[in-house]
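Notes for the one structure printed next.
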Amino acid sequence: MNKTKEVSWFYFFLGLACFLIPGGVAVFIAYDRGISFAPVLMFTGIVIWGGLFWLFPFIEKKVRKDKKQISFDERDQLIHKKAVMAGYVVLWLYFVTACVIAWCIVGPHGSISVNVMPLTLLGGLVIFTFVQGLACLIQYGRGGKDGEK
C-alpha cells in the first residue's frame, strides 16, 4: 500500500468520524433540550468543516512543497478530482431524493418540521464524505503493485 492510499484510508475514517460524532451529539442536544446556541454552533462547524474537507490533500501538497519527496503527483490529483465529482453527484441525488420523499410523505399542503433540515444536511455531508473516500479507494485499488499501473 502506497502513502497516498494510506492517507485516503485515514481521510475516509477521519471524515466520517468528524461528521458523525459531533452531528450525533448536536442532534441529541437539539432533541433533548430544544434548539439552543450549542447545537446550532455545532451544525455550523460541521457544515464549514464539510465544505472544506475535500481541500485537505491540496493544502497538504502545498505545505510539503519544500520537501524533495513527491507525495501528491498528477495521478493523485486526478483521482482526487474524480472522487470529489462523484461525491457531488451522489450528494445532489441524495438531496433530490430527500426532497421528493418528504413531499410524498406530507403531500403538497403539509408541512415538515424544521428539525428535519439539519438532519438532512448532516446526512448529505456524511454521504458526500463516504462516497468521496470510497471513490478514492476504488481508484487507487485499480493500480497494480504499490498503486502504480
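The values are calculated or read from the model by the stated rules, or taken from the named source; none is laboratory data. A quick note: this is a predicted structure, and the numbers were derived from the prediction, not measured. We place every Cβ from the backbone using ideal geometry, glycine too, and count neighbours over all the protein chains shown. Note: areas computed on protein heavy atoms with side chains; ligands, DNA, RNA excluded. Shrake-Rupley method; radii C 1.70, N 1.55, O 1.52, S 1.80 Å.
Surface analysis of segment 81-141 yields an accessible area of 60 Å² per residue, using protein heavy atoms and a 1.4 Å probe.
Legend: calculated FRET efficiency, K82 to T120, from the Cβ-Cβ distance at R0 = 22 Å, rounded to 0.05, equals 0.25. Rounded to the nearest 10 square angstrom, C18 shows an accessible area of 40 square angstrom against a 1.4 Å probe. Against the criterion of solvent-accessible heavy-atom surface with a 1.4 angstrom probe, R33, R75 sort, most first, into R33, R75.
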